[in-house]
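Please treat every number below as a calculation from the coordinates, not as lab data. Please read all numbers here as calculations on a predicted model, not as lab measurements. Cβ sites come from the backbone with ideal geometry, for glycine too, and all protein chains shown count toward neighbours.
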Amino acid sequence: MRTLSKDEQNFYWNQGYLIIKNVFNEHEVAAMAAACDEWKKFGKLLGRTWRDRNTVIWVDKDEQNETMVRGMQWPSYHDHVMDSIRRDERLLALVEPLIGNHLKQIINQVHWKKPGSQTSWALHRDVRSRRPFEAFRDLATSYVQTGIAIDPHRVENGAMQVVPGSHKDCSNNQFDHEGVSFVPEYDDDPRKIDLIMDPGDVAFWTPFTVHGGGFNTTAGMDRRLYINGFVIAENCDRGELVWDHGHTVPLEGEQALIQCEHIHEYEHPVYPADYHMSTAVSD
């Protein structure tokens, strides 16, 4: 099974990101795309942002004031396709050389960028969303974010951008106990690159790597990214256990505390009027 070579591991730790080609095949990508299509239909029918404990669908209005699904968190509680992908043994084989095989998952997320969308993600570090700060320990070496390309990722449809080496520009002591990042301006950084990926490719990046996403300026090309974030289990007080020393762990029983502080207060799905995309980890 494909794993990371020493050179690839060194590249990741030195540059703060990595792309591995052809991890998932065309049939698996098609299944993910079909699952996303169903969730998108559901979100448009709802017409507004919706939460069922850890599962959230973000619904907004586009530039033409039409209902738009921008993304969602934790489809895997309800979707066997997305669930099987997030704990696929090929992902474990790639992540294990970096952070081991006893892991929790704290991010399970899908982003859509529809053709013509003028929505982008400002450059940021994911550490900003690791709150409360004390629940996430040794972030620099304990956490890996992964993103699976469901569609071709090109400059014109808003491919993810990273600033190689930017994870070395800061340290844990530059983040206060709210987890707020004092990130300098990177918009014009000459190191910034676009991550060009084909469907089935997987990108990896650290919580300190500066990254974001551009505009989808195409007339007919979606840009969907399936994000799964993993952390060494003993270094995180939150998240769902996904691999117990290499053995996959299903999602069952009471949902874990992840980002929603009041998860156990929800007996029924809700429409949270005060929930904003800015509370979510994003590309």
**Request:** Report the longest stretch of the chain that contains none of the GluC sites (Glu not before Pro) sitting in a DSSP loop with at most 10 other Cβ atoms within 10 Å.
**Result:** 67-177
**Prompt:** What relative contact order, as a whole-number percentage, does the chain give when Cα pairs under 8 Å and 6 or more residues apart are counted?
**Reply:** 30
**Asked** Which order, highest average first, do 121-127, 143-149 follow once you tally other Cβ atoms within 10 Å for each residue and take the mean per peptide?
**Response** 143-149, 121-127
**Whole-angstrom gap from segment 209-256 to segment 107-140, using each part's C-alpha centre** = 10
**Asked** Between His80 and Arg137, what length comes free when the chain is fully extended (0.36 nm per residue of separation minus the Cα-Cα distance, one decimal in nm)?
**Response** 17.4 nm
**Message:** I'd like the FRET efficiency for Ala256 and Glu38, computed as 1/(1 + (r/R0)^6) with the beta carbon distance as r and R0 of 22 Å, rounded to 0.05.
**Reply:** 0.35
**Request:** Work out the charge dipole of segment 6-254 with +1 on the Cβ of Lys and Arg and -1 on the Cβ of Asp and Glu about the Cα centre, then indicate which of His247, Trp50, Ala31 is farthest towards its positive end.
**Result:** Trp50
**Fill in**
Taking a crude spin-label model, label points 7 Å out from Cα along the C-beta direction, the Leu45 to Glu66 distance in nm is 2.0
**Calculated FRET value between Arg90 and Ala30, using beta carbons and R₀ = 25 Å, to 0.05** = 0.90
**Message:** Restricting to DSSP H runs of at least four residues, report the calculated mean residue ellipticity at 222 nm for the chain, -39500 (n - 2.57) per run over all residues, nearest 500 deg cm²/dmol.
**Reply:** -5500 deg cm²/dmol
